[in-house]
Amino acid sequence: MTEISTVISLNKNQAVLGCKSTACSSCAGDSFCNVKTHTYTALNPQKLEIEPGDEVEVFLPPGKTIFSGFIVLIFPLILFLAGFILTDSFIEGAGEGIQALGGFIGLTFGFGLGFLFGKWKKKQYMPIIRKKVSGTAL
């Protein structure tokens, strides 16, 4: 998946980019959408000559994007369900409150593992700047 974004700042071989979606320019719902102010970091492995204000094409690998979404969203929910069910298995006659507590412990553990995975594999799952689309407008 490719996206066109605007370079906001540079740091070594990484760039902070701002969202520049065609949906943003045609939408009048400024009060409901926070996408216009969203920034993210992308790698510049080709060391392209880019400056703040330039528009660049960014590649987001679909498989890695789906896997990241799974780690951040689905994995903690699976651990919540596992914690909820296992609490009843280990503690005979546990009420729903105790089961919910076991589920929240599983959920917290899942978010913690997702956080550690993000810190450990961050560079491998970052978007990649492919090319410069346009220069800074004067």
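Nothing in this text is a laboratory measurement; each read-out follows from the coordinates by a stated rule. All figures in this text were calculated on a predicted structure; none of them were measured in a lab. So basically every Cβ, Gly included, is an ideal-geometry build from the backbone, and we count neighbours across all protein chains shown.
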* To do: Arrange PHE70, PHE117, PHE90, PHE80 by Cβ neighbour counts within 10 Å, fewest through most, would you?
  => PHE90, PHE70, PHE117, PHE80
* Which listed pairs, of LYS64/LYS132; LYS64/LYS123; LYS12/LYS64, have C-alpha distances above 21 Å, in listed order -> LYS64/LYS132; LYS12/LYS64
* Once you have the Kirkwood Rh of segment 63-120 from its Cα pairs, apply Stokes-Einstein at 10 °C and 1.306 mPa s and quote D in µm²/s. => 135 µm²/s
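Multiplying the sequence separation of LYS131 and LYS64 by 0.36 nm and subtracting their Cα-Cα distance, what value in nm do you get? Don't skip to the end; give the middle numbers.
Values: separation 67, 0.36 × 67 = 24.12 nm, distance 2.02 nm.
Taking LYS131 through LYS64 to full extension adds about 22.1 nm, to one decimal.
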